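> After the structure tokens below, expect a handful of questions from me.
The values are calculated or read from the model by the stated rules, or taken from the named source; none is laboratory data. Bear in mind the structure is a predicted one, so any value in this text is a computation, not a measurement. Backbone-built Cβ (ideal geometry, glycine too); neighbour counts: all protein chains shown.
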Amino acid sequence: MPGDLSVRVSAHSASPLFRNQAREDAIVLKREGAIDLETFVEAYQPAMEDVIRAKARRIQKAGAAFKSGVGGRGDEGEGAADKAARSK
């Protein structure tokens, strides 16, 4: 190795301490709605991450399909009292 070559390694993110902090951050971001489920799984880095991330994708697609179906009816967010008043 040449004498004028230097290498810097920043490995603090691999530390268990920093991994726990990254997981806590992911939980907060997900709870606040700043990230979606798939991004949460990627940030949290659980065992079997690829399987869980694929499931997260399917859950998000199903949720989006459900929302578009509910929203298309025109009664989204309408309570029972609103429906009863409208039918009179």
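> Within the group ALA22, ALA34, which residue is part of a loop (DSSP other than H, G, I, E, B) and modelled with pLDDT of 90 or more?
That would be ALA34, the only listed residue that is part of a loop (DSSP other than H, G, I, E, B) and modelled with pLDDT of 90 or more.
> Hey, another quick one. Which pairs turn up if I take residues in region 15-30 that are over 21 Å from GLN60 (Cα atoms) and without any contact (Cβ under 8 Å) to a residue 24 or more places away in the chain and look for partners that are exposed (fewer than 13 other Cβ atoms within 10 Å of the Cβ) and of a type outside the set (S, T, N, Q) with beta carbon separation below 6 Å, at least 6 apart in sequence or on another chain?
Filtered contacts from region 15-30: PHE18/HIS12.
> For LYS83, only one of the following conditions fails: (1) of a type outside the set (Gly, Ala, Ser); (2) out of contact with any Phe, Trp or Tyr (no Cβ under 7 Å at 6 or more places or on another chain); (3) modelled with pLDDT of 95 or more. What is its number?
Result: LYS83 passes all but (3).
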